[in-house]
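Report on the following structure.
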Amino acid sequence: MPDSPSASRAPYMTVLDALAAEIKAGKIKPGEKIPSEAELVQRFGVARMTARRAVGVLRERGLVRTEWGKGTFVVGPEPAGEDEHQGD
């Protein structure tokens, strides 16, 4: 039985939440490259597939885009409320 709520959490969620928070806070800005899978493996102590899954979810959410052979880049912060000022 897990000792804490985070112990039962899927490891990819830890990576996903950390990267999403960095993007939302502007630590990784639109157009900037996020850490590579190898860097995420080292930083979080997770398997490569775990890092890949976290990045895949970021891509599904529209926060990053991958350019094959170049890397994965931030598209922008969480899209909530993004279209409020369109047409201004």
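FYI, it's all coordinate maths here, none of it is from the lab. This structure is a prediction, so every number in the text was calculated from the model and none was measured. No Cβ is skipped: glycine too gets one built from the backbone with ideal geometry, and neighbour counts run over all protein chains shown.
Taking amide H as placed 1.01 Å from N in the peptide plane, the amide H of G71 sits under 5 Å from none that are at least 5 places away or on another chain.
Residues of segment 22-50 with an amide N closer than 14 Å to a point placed 7 Å from the Cα of R61 along the Cα-to-Cβ direction: 22-28.
Sequence-ordered 3J(HN,Hα) estimates for segment 57-74 from the Karplus curve with 6.51, -1.76 and 1.60 and θ = phi - 60° stand at 5, 4, 5, 4, 7, x, 8, 9, 9, 9, 10, 4, x, 10, x, 10, 10, 6 Hz, glycine and proline given as x. Here the 3J(HN,Hα) profile of segment 20-29, calculated from phi with Karplus coefficients 6.51, -1.76 and 1.60 at θ = phi - 60°, is 4, 5, 5, 5, 4, 7, x, 5, 10, 8 Hz, Gly and Pro shown as x. One decimal place: the segment K33-T14 gains 4.9 nm when fully extended, by the rule 0.36 nm per residue minus the C-alpha distance. Among 34-40, 69-75, the peptide with the highest mean count of other Cβ atoms within 10 Å heads the list, and the full ranking is 34-40, 69-75.
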